[in-house]
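Here the structure is laid out as structure tokens; the discussion comes afterwards.
Nothing in this text is a laboratory measurement; each read-out follows from the coordinates by a stated rule. This one's a predicted model, so the numbers in the text were calculated from it and none came from an experiment. All Cβ positions, even for glycine, are placed from backbone atoms using ideal geometry, and neighbour counts span all protein chains on display.
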Amino acid sequence: MGNDMGTLAGGDDVSHRSNPGNRMAISAMANVTQLERPTILALRNKIIEIASEEHAKNQQPAARTPSATINGSGSASGGSKGALSISRDGFRTAMGAVGVHHADKEILDRLFTM
């Protein structure tokens, strides 16, 4: 797919914003699925947006539903202080918002469960 791991669409440099492991994981997912790097990055941004909205709405703990934790830089976290969580419904909404292909939604939904 010819992903250039040094720049985003529009020429923005990503080297100072993410570690090489994150960039490599994004590249690997882009080669296994029909997802392309811009879609994965858009999904990450949409997840952070929806997780922030969910956090603002749910300051009080409610019924527990499966969720993933995201720190402010957009990488998964083991529950660090200040981290955001996204519900499964929020994750599915994010996938729909960025136009993830149906087969890829199934893969990502299973990864969410992990």
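Spin-label model, residue 97/residue 109: points 7 Å from Cα along the beta carbon direction are separated by 1.9 nm.
Modelled spin labels at residue 27 and residue 56, positioned 7 Å past Cα toward Cβ, are 3.6 nm from each other.
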